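To start, the structure itself, in structure tokens.
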Amino acid sequence: MRAKLTPYLFLLPALTLLTLTVFLPALQAFYFSFTRYTYDLNQAPVWVGLANFERLWRDPVFWQALGNTLLYLVCVVPLLVTLPLALAILVNQKLRGIHWFRTAYYVPVVISMVVAGIAWQWLYAENGLLNQWLRWLHLSETGIPWLTSPKLALFSVMAVTVWKGLGYYMVIYLAGLQTIPADLYEAAAIDGSAGICQHWDITIPLMRPYLFLVAVISAISATKVFEEIYVMTQGGPRNSTKTIVYYVYEQAFRNAELSYACTIGLVLFLIILSLSLVRLTLERSQIQPLV
């Protein structure tokens, strides 16, 4: 009996910490989404039922933030699935000094997003480096409003997300590539498969578990994007870069609408839960472990 309880005793401290910092606040936020509650400590939450959800349904800013989040998801995830794989194949070659290239590609991952956001904000500025290059190449006389145009701002922020995530997902792919036996490529070469065809015939099928893993991780990260928006655009111009997470922050800490922010957060939780369920379904039905 004691041997059966021992593993649970080791798990108890971590479970207690998770309960106090994650599970209980999540349940409290779920309750607040059905109430009217502000930061006034002298006023108890007032039960309003589905009133917050009705307000959410009629809120045009929420739907715009949801659209921006889905657009972020559609644009960023395919790039973060394909580009790091190509980069991992490149740095997996046995070349002199390749370790330095791996380190260089991974450097953006360890840089704080705040620092990266400020640096890219300087690059995107009217007199920033990018516009200076465009003027020098005579491609644009006035420069491009990277962060001030409603049509370009969100895509400019996406570029920062992709740039910073390349190295992280490259390492995941690199770990998978190094588990593929070299004999498979030699056998494929004998059968007439060479160059890119080898990767299409061997690499991609055997890397399918890693492709699905990166797709789900990057999709969840894209739905929770916040730091880039906060540092670079503050949700502007004209709400063109406002995402669901930023809208939760805005309602909770700027407008003191805590209950409404919890309602928006509940919608975000359902989206992330759906992505996680999709991942579990794909793992059970399609993904086969490497042998």
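Of the residues ALA65, ALA29, ALA3, ALA44, only one is under 25 Å from the mean Cα position of the chain (by Cα) and at pLDDT below 90; which?
On inspection, the qualifying residue turns out to be ALA29.
Among the residues of the stretch 196-254, which ones are among the polar types (S, T, N, Q), farther than 29 Å from LEU174 by Cβ and in contact with a Phe, Trp or Tyr (Cβ under 6 Å, 6 or more places away or on another chain)?
The answer is GLN251, and nothing else.
Working only within the stretch 85-107, note down all residues that are in a helix (DSSP H, G or I) and surrounded by fewer than 17 Cβ atoms within 10 Å (Cβ to Cβ).
ALA86, LEU90, ILE98, HIS99, TRP100, PHE101, THR103, ALA104, TYR106, VAL107
Could you count how many residues in the stretch 48-73 are outside any helix (DSSP H, G or I) and either in contact with a Cys (Cβ under 7 Å, 6 or more places away or on another chain) or surrounded by 11 or more Cβ atoms within 10 Å (Cβ to Cβ) (or both)?
Of the residues in the stretch 48-73, 3 are outside any helix (DSSP H, G or I) and either in contact with a Cys (Cβ under 7 Å, 6 or more places away or on another chain) or surrounded by 11 or more Cβ atoms within 10 Å (Cβ to Cβ) (or both).
I need a count of the residues in the stretch 121-136 that are more than 28 Å from the chain's Cα centre (by Cα), part of a helix (DSSP H, G or I) and farther than 14 Å from LEU152 by Cβ.
4
Do any residues in the stretch 146-157 that are crowded, with 20+ Cβ neighbours inside 10 Å have Cβ atoms under 7 Å from those of residues that are among the acidic types (Asp, Glu) and not in a loop (DSSP other than H, G, I, E, B), where the two are at least six apart or on different chains, and which pairs are they?
The qualifying pairs are VAL157/GLU228.
Could you please let me know if LEU80 is hydrophobic (A, V, I, L, M, F, W, C), out of contact with any Gly (no Cβ under 6 Å at 6 or more places or on another chain) and either more than 21 Å from ALA215 (Cα to Cα) or part of a helix (DSSP H, G or I) (or both)?
Taking the combined requirement at face value, the residue does not satisfy it.
Only helices (runs of 4 or more DSSP H) wholly contained in the stretch 156-249 count here; list those with 1 or more residues that are polar (S, T, N, Q).
208-223
Do you know which residues across the stretch 170-188 are over 23 Å from ARG102 (Cα atoms) and in contact with a helix residue (DSSP H, G or I) (Cβ under 7 Å, 6 or more places away or on another chain)?
Residues satisfying the conditions are LEU184, ALA188.
Give the residue, chosen from TYR173, TYR168, that is over 13 Å from the mean Cα position of the chain (by Cα), surrounded by 14 or more Cβ atoms within 10 Å (Cβ to Cβ) and aromatic (Phe, Trp, Tyr).
TYR173
Of (1) surrounded by 11 or more Cβ atoms within 10 Å (Cβ to Cβ); (2) farther than 20 Å from TYR173 by Cβ; (3) under 28 Å from the mean Cα position of the chain (by Cα); (4) among the hydrophobic types (A, V, I, L, M, F, W, C), VAL115 satisfies all except one. Which?
Looking at each condition in turn, VAL115 falls short on (1).
Select from the stretch 241-261 the residues that are among the aromatic types (Phe, Trp, Tyr) and surrounded by fewer than 24 Cβ atoms within 10 Å (Cβ to Cβ) and write down the one among them that is farthest from the chain's Cα centre (by Cα).
Only one residue tops the list, namely PHE253.
Yes or no, residue by residue, for (1) farther than 30 Å from LEU129 by Cα; (2) modelled with pLDDT under 90; (3) under 29 Å from the mean Cα position of the chain (by Cα):
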site: TRP146; (1), (2), (3): no, no, yes
site: LEU177; (1), (2), (3): yes, yes, yes
site: GLU186; (1), (2), (3): yes, yes, no
site: TRP200; (1), (2), (3): yes, yes, yes
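Name the residues in the stretch 154-177 that are touching a Pro at 6+ places or on another chain (Cβ under 6 Å) and either more than 30 Å from ASN92 (Cβ to Cβ) or among the hydroxyl-bearing types (Ser, Thr, Tyr) (or both), would you?
TYR169, TYR173
The values are calculated or read from the model by the stated rules, or taken from the named source; none is laboratory data. All values derive from a computational prediction rather than experimental measurement. Note that we place each Cβ from the backbone using ideal geometry, even for glycine, and neighbour counts take in every protein chain shown.
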